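Here is the structure we will look at, set down as structure tokens.
The values are calculated or read from the model by the stated rules, or taken from the named source; none is laboratory data. Predicted model only: the values in this text are computed from it and were never measured. Backbone-built Cβ (ideal geometry, glycine too); neighbour counts: all protein chains shown. Heavy atoms of the whole protein, side chains included, go into the accessibility calculation; ligands, DNA and RNA do not. Shrake-Rupley method; radii C 1.70, N 1.55, O 1.52, S 1.80 Å.
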Amino acid sequence: MAAGKSYIGTHFARFYGFSFVDADHLIVEKYGPISEIFEERGEEFFRKVEAEVISEVLTSPHFRNCVFSLGGGAPMSDAVARLLRGEQVVYIQVDAETVRPRIEHNKNRPLLQPHPVQKWSEIFEQRAHRYEELASYILDARGGRPITEMAAELYEFLQKERSEEDINE
């Protein structure tokens with residue numbers, strides 16, 4: 001949460017000619033603001049909707065070879081984790097100090113209220129193992145790394161993966 005998935009994903013996609021899809025944006029288009037979904041229907045309903053949207057994107061030929069950004073809690077669902085196991089998954093690794101300015105006064109993240117940094121740290125501790133388990137690549141986004149540097153690092157990883165796939169075919 002607040003790792004910069006959308007920021008890094010959109011820049012990477014733009015730099016290297018991919019389309020970009022954000023699961024949260026698709027959810028908002030279909031169901032309305034995420035904070036309202038949480039408030040009115042609860043987290044369980046949100047996670048169900050989120051898993052359905054992710055499944056639709058990952059199984060649709062229309063979205064092949066796109067950069068797809070998921071919400072931070074999505075991989076915690078076993079159903080979503082199963083879907084991700086066959087994909088190139090990038091874990092954008094951050095720490096509390098990196099995300100502090102992004103979350104400290106942000107009221108649009110219902111899971112982080114009322115103490116955003118403390119809540120973020122607790123949630124991160126619960127999720128880190130799953131992120132590492134599913135990751136094809138871990139991108140270190142701690143501190144103030146330039147977006148161009150991180151995008152180039154991801155591109156190099158993907159090029160290497162593609163050439164290894166070609167060799168194995």
- Query: Going by the structure shown, is S55 closer than 18 Å to R82 by Cα, of a type in the set (G, A, S) and free of Cβ contacts under 8 Å to residues at least 60 places away in the same chain?
  - Reply: yes
- Message: Within the range 127-150, does at least one residue satisfy the condition of being under 28 Å from E36 (Cα atoms), aliphatic (A, V, I, L, M) and in a helix (DSSP H, G or I)?
- Response: yes
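Considering each of P114, P146 in turn, give the residue that is open to solvent by 80 Å² or more (accessible area, probe 1.4 Å), farther than 19 Å from S77 by Cβ and not small (G, A, S).
P114
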- Item | Count - residues of the range 13-27 that are within 16 Å of G72 (Cβ to Cβ) and without any contact (Cβ under 8 Å) to a residue 24 or more places away in the chain | 1
- Checked the range 81-106 for anything among the charged types (D, E, K, R) and assigned to a helix (DSSP H, G or I); matches are R82, E97, R100, R102
- Query: When the range 58-94 is examined, which residues are found to be closer than 22 Å to K119 by Cβ, touching an Asp or Glu at 6+ places or on another chain (Cβ under 7 Å) and in contact (Cβ under 8 Å) with a residue 60 or more places away in the chain?
  - Reply: S69, G71, Q93
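Hey, among the residues in the range 66-80 that are in a strand (DSSP E or B) and not aliphatic (A, V, I, L, M), which one's nearest to the chain's Cα centre (by Cα)? Spell out how you get there, then give the answer.
Kept after step one, since they are in a strand (DSSP E or B), are these residues of the range 66-80: 67-69.
Remaining after also requiring not aliphatic (A, V, I, L, M): 68-69.
Values: F68: 8, S69: 4 Å.
By that ranking, first place goes to S69.
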